[in-house]
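Here is the structure we will look at, set down as structure tokens.
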Amino acid sequence: MGMGGVGFVPIQGTADLSRIEAPVTVKAYLLCAFAAFGGVFFGYDTGWMGGVVIMPYFVSMYTGVPYNYETSEPKNFSLPSPTVSLMTSILSCGTFFGSLIAGDLADFVGRRTTIIYGCLVFAMGCILQIASTNQLVLFVMGRLIAGLGVGFISAVIILYMSEIAPRKVRGALVSGYQFCITLGILLANCVTYSTSGRSDSGSYRIPIAIQFLWALILGIGLYLLPESPRYHVQKGKLDLAAKDLALVRGQAVDSEYIKDELAEIVANHEYEMQMIPQTSYIGSWMACFQGSIRKGNSNLRRTLLGAGMQMCQQLTGINFIFYFGPVFFNQIKNGPNPFQTTLVTTLVNVLSTPISFWTIEKFGRRLLIIIGAVGMIIAQYIVAILGVTAGKEHADGSHNEAAIKAMIAFICINIFSFATTWGPVGWVIVGESFPLPIRSRGVGISTASNWFWNCIIGTITPFMVGNDQGGLGSNVFFVWGSLCFLSLAFAYFLVPEMKGLSLEQIDQMMEEVEPRRSRGWVATTTFAAEMGHLRPEKGNYMVSPHLPGQVQEFPEGGASQRFREELPGYNQAYFPR
Ligand code: BGC
């Protein structure tokens with residue numbers, strides 16, 4: 001059923017800006033927050049491989065060389081680099097395609113169902129990985145398939161959360177997702193560390209099998225949660241949309257609040273559909289790249305915003321620390337224990353992220369990433385400068401311990417700067433940037449950009465820092481620090497402030513102001529008012545049917561029959577016939 005023939009569906013809204021979103025109950029907040037759990041998948045799955053590829057049992061299995069657990073011999077027991085590279089990066093390959101496919105699926109079968117499919121695909125991938133003993137092909141296939149599942153989940157959770165979260169806490173809730181990513185990385189480190197000494201297949205099978213638990217919790221949880229009301233609006237199923245919205249706001253389905261919010265979503269969707277005509281399947285993807293690059297609200301600009309945000313997030317170099325930290329710290333001969341140091345860096349990541357729950361809503365997204373980029377530039381330059389001065393390797397291979405400690409402290413400050421800013425804000429912006437007709441694809445493309453750059457960094461970094469390769473050592477921080485200038489410029493020129501606005505108001509704001517002036521923008525009208533979806537009651541205004549170009553308040557007792565007949569658009573579509 002199309003939007004015009006909705007029967008008696010409450011799509012009459014309000015011109016009152018304070019009523020475009022229904023109030024939310026505590027239960028509803030918790031409901032929205034649950035989806036953040038999907039971050040654990042993301043973090044855990046990226047985190048466990050690094051620990052497993054150096055496990056003696058695993059190395060022995062793939063190389064066929066026996067290992068003596070008593071004497072820890074042979075020394076420097078490791079897998080060939082191409083194998084490690086393949087096992088690690090194949091995940092990003094799966095996640096890259098998974099995010100793009102999810103962009104499609106989320107529009108066809110819904111956000112919630114796509115996440116549940118993601119859990120199933122992921123579980124299949126895990127089974128293959130657990131089943132493999134020394135069959136590289138089986139293991140790599142398993143990782144590729146699990147990656148597809150993680151791709152589904154990582155893209156659609158952002159979409160789903162942004163669509164159901166109340167606007168005042170949307171940033172904080174999506175930051176909860178980032179927090180779960182950091183928890184996932186920490187958990188993966190702890191689990192692989194605790195099983196690494198085992199001399200049986202449990203060493204690698206336990207860390208993989210634990211992930212079934214994540215799939216089960218997320219899959220069952222999402223099965224019980226409602227679909228995103230915006231998905232049902234897109235499909236023209238307004239009665240279902242009203243039910244979903246009532247659930248995520250904790251209000252009665254026939255309450256005025258739900259009617260007003262739904263009317264706003266519907267009106268915005270109608271408006272966007274006029275701007276983005278729906279054509280063929282290919283056309284619907286191409287729509288993400290349409291419009292002028294100079295226009296703040298063109299689809300092209302929004303796609304560049306989402307994908308660029310994720311590119312800049314990765315180019316801060318954060319994953320250098322999480323993926324190659326142990327190797328890097330190991331190169332420091334008289335440095336602290338590499339595992340403990342990695343644990344400290346991972347903990348700093350986990351413990352600093354929650355600060356953003358508050359700052360993101362208090363100071364906004366834009367300011368946070370500008371400050372974060374400056375923080376990372378300073379911290380990484382200091383690490384790099386220390387590395388070529390006080391922390392430089394002595395002739396006997398040792399280092400100045402105080403300088404090394406200072407370097408590690410600044411690495412932690414760098415992680416703090418990321419975890420409180422670019423980590424969460426990267427995802428928040430992606431969820432907020434797109435209008436409904438291209439939202440799921442836009443979020444898919446942006447998430448794919450995260451995995452693409454993640455993969456590039458994962459692949460080239462060993463060649464940049466390895467002693468037998470580029471030999472950059474700590475100089476690599478000059479590279480990351482310099483790349484943060486790019487992130488800073490991107491944030492300053494291209495990222496608008498979206499704090500506190502509804503997804504529909506963000507559309508309006510992008511159309512009206514440049515990112516640099518977006519902070520002070522306030523909405524002056526609702527979409528329901530613009531699109532003629534006002535409830536015909538006193539207090540609501542409409543374009544006058546008698547005096548073109550002027551607005552007129554609805555008369556006491558609602559619109560008269562004459563108004564209904566005379567006002568174009570204000571017709572039977574919004575009234576039961
Ligand atoms: C990034 C990941 C990174 C993680 C670290 C996420 O936002 O996308 O690549 O490993 O943050 O906490």
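The values are calculated or read from the model by the stated rules, or taken from the named source; none is laboratory data. Quick caveat, the model's predicted, so the values are computed rather than measured. Counting neighbours? That spans all protein chains shown, and the Cβs are built from the backbone with ideal geometry, glycine included. The accessibility values were calculated without ligands, DNA or RNA, using every heavy atom of the protein model including side chains. Shrake-Rupley method; radii C 1.70, N 1.55, O 1.52, S 1.80 Å.
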Looking only at the range 263-292, and only at residues there that are out of contact with any helix residue (DSSP H, G or I) (no Cβ under 9 Å at 6 or more places or on another chain) and hydrophobic (A, V, I, L, M, F, W, C), the one that is surrounded by the most Cβ atoms within 10 Å (Cβ to Cβ): M286
Qualifying residue in the range 379-393 (condition: outside any helix (DSSP H, G or I) and touching a helix residue (DSSP H, G or I) at 6+ places or on another chain (Cβ under 6 Å)): yes
Qualifying residue in the range 388-410 (condition: within 16 Å of the ligand (Cβ to nearest atom) and out of contact with any Cys (no Cβ under 6 Å at 6 or more places or on another chain)): no
Lone qualifier among G142, G125 - being surrounded by 24 or more Cβ atoms within 10 Å (Cβ to Cβ), of a type in the set (G, A, S) and assigned to a helix (DSSP H, G or I): G125
Tally, over the range 191-247, of residues that are basic (K, R) and in contact with a His (Cβ under 9 Å, 6 or more places away or on another chain): 2
Residue that is farthest from the ligand (Cβ to nearest atom) [pool: residues in the range 324-353 that are over 22 Å from F478 (Cα atoms), touching a residue at least 12 places away in the same chain (Cβ under 8 Å) and not in a helix (DSSP H, G or I)]: N334
Listing of helices (runs of 4 or more DSSP H) fully contained in the range 251-323 that carry 2 or more residues being at pLDDT below 85: 256-275, 281-286
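Here is a yes/no grid of residues against (1) modelled with pLDDT under 90; (2) surrounded by fewer than 19 Cβ atoms within 10 Å (Cβ to Cβ):
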residue	(1), (2)
A36	no, no
Y44	no, no
P56	yes, no
N76	yes, yes
L91	yes, no
G98	no, no
A102	no, no
L120	no, yes
Every residue from the range 118-154 that is out of contact with any Leu (no Cβ under 8 Å at 6 or more places or on another chain) and under 30 Å from I258 (Cα atoms): S154
Those residues of the range 426-448 which are open to solvent by 10 Å² or more (accessible area, probe 1.4 Å) and either within 13 Å of the ligand (Cβ to nearest atom) or closer than 13 Å to M161 by Cα (or both), in sequence order: none
Of all residues making up the range 403-435, the number that are in a helix (DSSP H, G or I) and within 16 Å of the chain's Cα centre (by Cα): 15
Residue in the range 93-101 that is over 24 Å from S196 (Cα atoms), aliphatic (A, V, I, L, M), away from the ligand (no atom under 16 Å from the Cβ) and touching a helix residue (DSSP H, G or I) at 6+ places or on another chain (Cβ under 9 Å) present: yes
Residue count, the range 33-68 (criterion: touching a helix residue (DSSP H, G or I) at 6+ places or on another chain (Cβ under 7 Å) and in a loop (DSSP other than H, G, I, E, B)): 4
